[in-house]
Amino acid sequence: MSRRTSIKEFYKKRGGDLFVLVFSLLLAFFMWSMYRLSLEYSSVFEYKVNLTTNLVGRSKSSVSRNSVIIRGRTSGFSIIQHRIKGSGIEINLDSQYLRPAGDGGDLFGVSSSDIRNELQNSLGSDFRVESVVSDTLFFNFPKQSYKKVPVKLVSKVTCKPQFAIFSRIWATPDSVYIYGNDEKIASIDHVLTKAVKKNMADSPIQGVVKLEEIEGVRISDNEVYYAIDVQRYYENSCQVSVSVINNPLGSLVTVFPQEVTVTYWASYQKKSFSPSDFNVVADCSQLFASASGESGKNIRLELLSVPEGLFNIRITPQTVGCLVN
């Protein structure tokens, strides 16, 4: 009985030692593998390139017909990651680097040297491109119907008292290309931005705003830069003489009143203005539109020229009577 007990204890002790030995070997192998994988290695990689560009009148993106062969240096971990990740790279490139590869067809080529930086950025900072084996990549960019339309900035800006928006609201670019089927784009004459919102503005506003998407239509730009000129203003007015123009019959035409009030808003940054800065006219072509002129008929006044930078200009009264002699 004591002999059997001692044998069992022997094997129990030996089995425990064996487990410790196997575990130690596995742990050592794991640590060795981690160390080896953390080292850098040079290897060859093969990728298809999904290129996005801005060729006018053609599709936006295309996958390369041939693969790009890259020799790069990275860690063993990254090599495994790149192998698992797949065989595609996405890059953006200006159309100036694309060259037609046929006689007016849809095939374009790009030199591998022109996209080396883009390849490096796409592969990440842990990957160092040593060389690009491929010479030229070829892409197919089929033609698409397109046209150029203006951008309209949607502004929901309110200003503090004595502040206003001067001049027009600027968007850069002020027009974009839209792509789609002929029937769809024929009905589109502008593209809207997302609303620019600001309450109680008291200084110029600028920034970047996205464009509203249109179903079934591709827009060449996703966003535009905008500038809204908000300034403090003062209100002033002056008496301006009315000039008579377009009197084809050479008749003596007298208007009454002969002076009107021009009221305007001006930025505090602007100088004061005098009546000679404004050109208010009564156009007699309105009077002689019929076979004979009619004394006493009212003529709507027009403001032919005003100083730059004025806002909310009003003429009082807006019409004048006339007397034909």
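The values are calculated or read from the model by the stated rules, or taken from the named source; none is laboratory data. As the structure is a prediction and not an experimental result, all values here were calculated from the model. To get the accessible areas, we keep the full protein, side chains included, count just its heavy atoms, and leave off ligands, DNA and RNA. Shrake-Rupley method; radii C 1.70, N 1.55, O 1.52, S 1.80 Å.
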Provide the solvent-accessible area of D182, counting protein heavy atoms only and rolling a 1.4 Å probe, rounded to the nearest 10 Å².
100 Å²
Rolling a 1.4 angstrom probe over the protein heavy atoms, how many square angstrom per residue are accessible across segment 80-230?
60 Å²
Of all accessible surface on segment 161-213 at a 1.4 Å probe, what whole percent is carbon and sulfur?
51 percent
Too-long pairs where the Cα-Cα distance tops 24 Å, listed order kept, from K48/K143; K160/K210; K156/K210:
K160/K210
Karplus-derived 3J(HN,Hα), 6.51/-1.76/1.60, for each residue of segment 119-134, Hz, glycine and proline x:
5, 4, 5, 5, 7, x, 6, 7, 10, 10, 6, 8, 6, 10, 6, 5
Counting only protein heavy atoms and a 1.4 Å probe, tell me what percentage of segment 83-151's accessible area is made up of carbon and sulfur.
43 percent
Under 19 Å between alpha carbons, and skipping anything fewer than 8 positions from K152 in its own chain: which aspartates and glutamates qualify?
D174, D189, E212, E213, E215, D221, E223, D229
